[in-house]
Structure formats: structure tokens, C-alpha cells
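The values are calculated or read from the model by the stated rules, or taken from the named source; none is laboratory data. These numbers come from a predicted model, not from an experiment. Here the Cβ positions follow ideal geometry from the backbone for every residue, glycine too, while neighbour counts run over all protein chains shown. Accessible surface is based on the protein model in full, side chains and every heavy atom, while ligands, DNA and RNA are left aside. Shrake-Rupley method; radii C 1.70, N 1.55, O 1.52, S 1.80 Å.
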Amino acid sequence: NFLRTILRLARERDELRIVADQVGAPTWAREIADATARIVRQACGERARGDFTSGVFNVTAAGATSWHGFAEAILEQARSRPGAQPNRTKIHPISSAEYPRPAARPKNSRLAGERLRERFGIALADWQQALALCMQDSALTEPS
């Protein structure tokens, strides 16, 4: 879990080096679960009426950011929480080449959510709004 990892690393280190050239839309698992439940309910109703059609749909938050931007937003949210301990961890942007992985990651992993909205009337919140809600869930930000 990237969010928990960043929070843990920020407690342990003064500086973090985070990839800044890979862009996507961080999507909260709770929003994915809620959207999936809505899709299943609607699809079951359609199936019962005999008018169900299948398809492939992306369940993704709106907007986009890099891993670096996401890490900065996580720490900003964590610092703004009531009773938060001051944290001065600095986050430095790095390139993908500076953080080699066993498998290459795409530079752009954004997914389009228009088909989901058109077909099921579901549009997930912007990733920043979802992050704020996620951070309000104290169980997610407690040390693990």
C-alpha cells in the first residue's frame, strides 16, 4: 500500500526519493468496492429484465498525478490532521531510471472512466478528494 508505505517511511527518514515521471490516478480501494457493488446491483437488475449487456469498464479516480505528487499530497494531508506530529521529511523527485524495478512500469497508466459513467452513471471522485476521505479513516494512518 503506497499510502501506508509513505507514512511509515516519513516517520523513519528525513528524505525520500520518489519517481516523478510515471503518471496515473491513485484510486482508493473503498471507492472501487463501492462502485463495484453499484455496478453489480445495476447489472443484476438489468439481467432480471433481460436487457443486460456486458463490457469492459475502468473504475478509476478522476484526475492524475505522479508517484511523487501522490507522496507529497499524502504527507500534506498527514501534516494537516489534528494532533499531527510535525514532520519535515523532504520528498525529492527522481526519474524511473533512478529507481530500477524488476519490470518496467508505464510512464502513463491513466485509465479513462467515461464508459463507466455513460453505462452505469458512476464517476469516481478526484484522487485528491478520495485521498482526503481516506486519510480521515484513522485506521489507515495508524502505524502498522
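Calculate I(q)/I(0) for the chain by the Debye formula, one identical point scatterer on each C-alpha and no solvent, and give its log10 at q = 0.10 Å⁻¹ to two decimals.
Listed by q, the Debye log ratios stand at -0.43.
Which longest uninterrupted range of the chain lacks any trypsin sites (Lys or Arg not before Pro) assigned by DSSP to a loop state (not H, G, I, E or B) and surrounded by at most 13 other Cβ atoms within 10 Å?
14-87
Work from the charge dipole of the chain (Cβ charges, +1 for Lys and Arg, -1 for Asp and Glu, about the Cα centre) and give the residue of Ala35, Gly83, Ala71 farthest towards its positive end.
Ala35
With springs only between Cα atoms under 10 Å, which of Leu116, Leu133, Leu16 fluctuates most in a Gaussian network model of the chain?
Leu133
On the full set of protein chains, 1.4 Å probe, figure out the accessible area of Thr65 and give it in Å² to the nearest 10.
The accessible area of Thr65 comes to roughly 20 Å².
What net charge is computed for the residues neighbouring Lys90, neighbours being all others with C-beta under 12 Å from the C-beta of Lys90, Lys and Arg scored +1, Asp and Glu -1? Let's see the in-between values first.
On the way: positive: Arg13, Arg17, Arg88; negative: Asp14, Glu15, Glu72.
So the environment of Lys90 carries a net charge of 0.
State to the nearest 20 debye the size of the charge dipole of the chain about its Cα centre, where the only charges are +1 on K and R beta carbons and -1 on D and E beta carbons. Walk me through the intermediate numbers first.
Details: 21 positive and 16 negative charges, 40 e Å.
Value, rounded to 20: 200 debye.
Which GluC sites (Glu not before Pro) does the range 3-73 hold that lie in a coil by DSSP with at most 16 other beta carbons within 10 Å?
Qualifying residues, ordered by number: none.
Pairing the Cα long axis of helix 67-80 with the longest principal axis of the chain, what angle in degrees results, from 0 to 90 and rounded to the nearest 10?
That helix lies at roughly 80 degrees to the long axis.
How many nm separate the modelled label positions at Gln42 and Arg88, each set 7 Å beyond the Cα in the direction of the Cβ?
5.0
Between the helical axis of 2-12 and the dominant principal axis of the chain, each derived from Cα atoms, what acute angle in degrees is found, rounded to the nearest 10?
Computed tilt is about 10 degrees.
How big is D for the range 19-86, in µm² s⁻¹ as a whole number, if Stokes-Einstein is applied with the Kirkwood radius of its Cα pairs at 4 °C and 1.567 mPa s?
86
Which FRET efficiency value, to the nearest 0.05, do you get for Ala132 and Asp51 by plugging their Cβ-Cβ distance into 1/(1 + (r/R0)^6) with R0 = 41 Å? Kindly include the intermediate steps, with their values, before the conclusion.
Working: r = 38 Å, r/R0 = 0.92.
Calculated value: 0.60.
Nearest 10 degrees is fine. How inclined is helix 29-49 to the longest principal axis of the chain, computing both from alpha carbons?
That works out to roughly 0 degrees.
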